[in-house]
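The values are calculated or read from the model by the stated rules, or taken from the named source; none is laboratory data. All values derive from a computational prediction rather than experimental measurement. No Cβ is skipped: glycine too gets one built from the backbone with ideal geometry, and neighbour counts run over all protein chains shown.
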Amino acid sequence: MANLKEIRNRISSVSSTMQITSAMKMVSAAKLKKAQDAITAMRPYADKLTELLQSLSATLEGDSGSDFAEQREVNKVLIVAITSNRGLCGAFNANIIKEVTRLTNETYAGKDISFVTIGKKANDALAKKQNVISNDSDVFDDLTFDNVASIAQMIMDKFVTGEFDKVEIVYNSFKNAATQIVKTEQFLPIVSVESDKNVNLDYIFEPSKIEIVETLIPKSLKTQLFKAIRDSFASEHGARMTAMHKATDNATELRDQLKLTYNKARQAAITNEILEIVGGAEALNN
């Protein structure tokens, strides 16, 4: 019967785990809807802002004079790693750490690499071995454009002063609840876009095109970082919802197997007791 008691305890433990994973799945599903709506609504604005900036830049003669477009020999690199503050979301965080490791060991091998971590999981993985200059994990507590803009401004200032020659952002891009795509985007310097020099924008600009571009660049960069964090935030809840759904299914299957094992063991114990009673009765009769 000790074996039956052990199986009953395992069934109880698995059932409790199943209730927890099911509740976490429902919570993530509710949060995912809000986060998905936010990134879906933001993408057209961010894409149009980038398109407008590129269209204006293409019509400027020569260098626009922007400090954020300065191309330098890449010796000092800053990588902005965006993860989550919590786990239980499958390979969501591990994929970012894997990509960051690849950039460190392959793409920028031999370079002076520093990190800005957004998300506790990135900070936990990188702080012990890498140069983390800033940990901004608390931005998820109040994810607003203003809070993200301050992080972007800090990064932009360090680029302008020459502390870094190149800045990359590594994050999970939201595709759907089951699919997140790891992306590496160049943040600074601004990526130049080849376009037709004969493009004619028949607009009257007030102020000048250069002034407009100089105003749009900081806003565009801050929007780019905000979009990346929003993307990662939606991806996190999608990954956690999927992971908890699979965990719940696995717990349900394990519970059913344990119940079957318990019933078989119980039936075997009852059969043995009956045989012992029958055997004892025959012995008395003899």
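Computed quantities for the displayed model
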quantity: Those residues of segment 73-113 which are in contact with a Gly (Cβ under 8 Å, 6 or more places away or on another chain) and more than 17 Å from VAL182 (Cβ to Cβ), in sequence order; calculated: ASN85
quantity: Unique residue being closer than 16 Å to GLN186 by Cα and crowded, with 18+ Cβ neighbours inside 10 Å when the list is PHE92, PHE115; calculated: PHE115
quantity: Among the residues listed as GLU73, GLU99, the single one being acidic (Asp, Glu) and at pLDDT below 95; calculated: GLU73
quantity: Neighbours by Cβ (under 8 Å, 6+ apart or cross-chain): first from segment 261-278, in contact (Cβ under 8 Å) with a residue 12 or more places away in the chain; second not in a helix (DSSP H, G or I); calculated: ALA269/MET1
quantity: Verdict on PHE164 being in contact (Cβ under 8 Å) with a residue 12 or more places away in the chain and within 19 Å of ASP231 (Cβ to Cβ); calculated: no
quantity: Which listed residue, of SER66, SER28, is hydroxyl-bearing (Ser, Thr, Tyr) and at pLDDT 90 or above; calculated: SER28
quantity: Residues (under 21 Å from the mean Cα position of the chain (by Cα) and among the small types (Gly, Ala, Ser)) located in segment 110-133; calculated: SER114, GLY119, ALA122, ALA125, ALA127
quantity: Filtered residues of segment 161-174 (kept if surrounded by fewer than 20 Cβ atoms within 10 Å (Cβ to Cβ) and either of a type in the set (Phe, Trp, Tyr) or under 12 Å from the mean Cα position of the chain (by Cα) (or both)); calculated: SER173
quantity: Residues of segment 99-121 satisfying the condition of being in contact (Cβ under 8 Å) with a residue 12 or more places away in the chain and not in a strand (DSSP E or B); calculated: GLU99, VAL100, LEU103, THR104, TYR108, LYS111, GLY119, LYS120, LYS121
quantity: Qualifying position, being surrounded by fewer than 21 Cβ atoms within 10 Å (Cβ to Cβ) and of a type in the set (Gly, Ala, Ser), among ALA228, ALA269; calculated: ALA269
quantity: Some residue of segment 176-196 being part of a loop (DSSP other than H, G, I, E, B) and at pLDDT 90 or above; calculated: no
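One line per residue, one yes/no per condition, for (1) part of a strand (DSSP E or B); (2) touching a residue at least 60 places away in the same chain (Cβ under 8 Å); (3) touching a Cys at 6+ places or on another chain (Cβ under 6 Å); (4) surrounded by 14 or more Cβ atoms within 10 Å (Cβ to Cβ):
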{"site": "ASN123", "(1), (2), (3), (4)": "no, no, no, yes"}
{"site": "LYS129", "(1), (2), (3), (4)": "no, no, no, no"}
{"site": "SER134", "(1), (2), (3), (4)": "yes, no, no, yes"}
{"site": "ASP138", "(1), (2), (3), (4)": "no, no, no, no"}
{"site": "ASP141", "(1), (2), (3), (4)": "no, no, no, no"}
{"site": "ASP146", "(1), (2), (3), (4)": "no, no, no, no"}
{"site": "ALA149", "(1), (2), (3), (4)": "no, yes, no, yes"}
{"site": "GLN153", "(1), (2), (3), (4)": "no, yes, no, yes"}
{"site": "ASP157", "(1), (2), (3), (4)": "no, no, no, no"}
